[in-house]
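Heads up, the thing below is written out as structure tokens.
The values are calculated or read from the model by the stated rules, or taken from the named source; none is laboratory data. Keep in mind the model is a prediction, meaning the values are calculated, not measured. Glycine also receives a Cβ, built like all others from the backbone with ideal geometry; neighbour counts cover every protein chain displayed.
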Amino acid sequence: MREVLRGYADYLFDIALSRGTLTQMQQDLAEFARALVEFDQLRVALADSDLPLSARTGIVEELLSEGATRESVRLSVFVAKVERPAEISSAVEALAVLAEEWQERREEPLFFRTASRERILGFIRALFEDVGTVERLDEVEDEIFRFARIVESTSELRLVLSNRDLPVQVRQGIVCELLEGRATAETVKLICYLLGNSHPRQVVATLDWLVERVAAERGRRVARVRSAVELEDDQRTRLADALSRLVNAPVEMEVVVDPSLIGGFTAVAGDLVVDTTVRHRLNQLRDEIRSSLATRES
């Protein structure tokens, strides 16, 4: 089973648990898995790589349309979208087992970054399907960014959240307490899921990646800007437009004021790095002087 599917399932299992329908969801998945074993025509049809995706998901929706919970249908359709056609049957069977064990199952966080982030991405996709407006997504993205900066700048909090010897539930509880009344429920869910499914030592980097993924899910790119002074609105607009042209995509800027830069700004958007700071120029000048002196001495 792909990790993106596991993350998507975790979100829906949690929703079903809160609604008291997790047992029904497990039964729906088990029945779907049995149908794929017992009915050759159904299994062969879904495993046909030449079948258009819309037809494959349509078959799944039609099969589960009567009696199955909404979460069961959503998860089964997602299986049909992301799993290889030949793996759909085994993935549904694995999900049925996972649903049965889910309440008691407490796995260690995934320490392999690629697997961890794929799982978190699945959770993001499921959560975003339930977020009603673009404005709400803007709010979530901004809250995650601000929380990442708080963790980055507060050594005590960073040490606690990156302490792998501290149980995940304790670290999640600290986040819930800190963000209670200060952030949306979606933001708290995402950050807590991130803590439970990533390496503690990478908490700041993973939070920054999460901001990028939130933007990417909306077809945008994040540019991290550090400026020596607060940018005026027109400066922000001009800089965002310029960066958008450079990366060939709409850009959302996350700006941090850093007086140590002396003047100018740095901007990082993916592989693009722009550095116009006085500090950078001074460092360049220092290196040139050292190089010149070394050449003379030789």
So how many residues does the stretch 48-70 have that are of a type outside the set (Lys, Arg), part of a helix (DSSP H, G or I) and out of contact with any Ser or Thr (no Cβ under 7 Å at 6 or more places or on another chain)?
9
Residue check: is residue 214 modelled with pLDDT under 85 and not in a loop (DSSP other than H, G, I, E, B)?
yes
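Here's the yes/no breakdown for (1) among the small types (Gly, Ala, Ser); (2) under 19 Å from residue 183 (Cα atoms); (3) touching a helix residue (DSSP H, G or I) at 6+ places or on another chain (Cβ under 7 Å); (4) surrounded by 15 or more Cβ atoms within 10 Å (Cβ to Cβ):
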{"position": "117", "(1), (2), (3), (4)": "no, no, yes, yes"}
{"position": "121", "(1), (2), (3), (4)": "no, no, yes, yes"}
{"position": "127", "(1), (2), (3), (4)": "no, yes, yes, yes"}
{"position": "144", "(1), (2), (3), (4)": "no, yes, yes, yes"}
{"position": "164", "(1), (2), (3), (4)": "no, no, yes, no"}
{"position": "173", "(1), (2), (3), (4)": "yes, yes, no, no"}
Considering only residues that are acidic (Asp, Glu) and crowded, with 16+ Cβ neighbours inside 10 Å, look in the stretch 175-211 and name the one that is nearest to the chain's Cα centre (by Cα).
208
Residue among 34, 43, 6 that alone is within 23 Å of residue 128 (Cα to Cα) and either under 22 Å from the mean Cα position of the chain (by Cα) or part of a helix (DSSP H, G or I) (or both):
6
Working carefully through the options 104, 108, 152, find the one that is surrounded by 14 or more Cβ atoms within 10 Å (Cβ to Cβ) and modelled with pLDDT under 90.
152
Note: among 74, 113, 119, just one is within 22 Å of the chain's Cα centre (by Cα), basic (Lys, Arg) and modelled with pLDDT under 85, namely 113
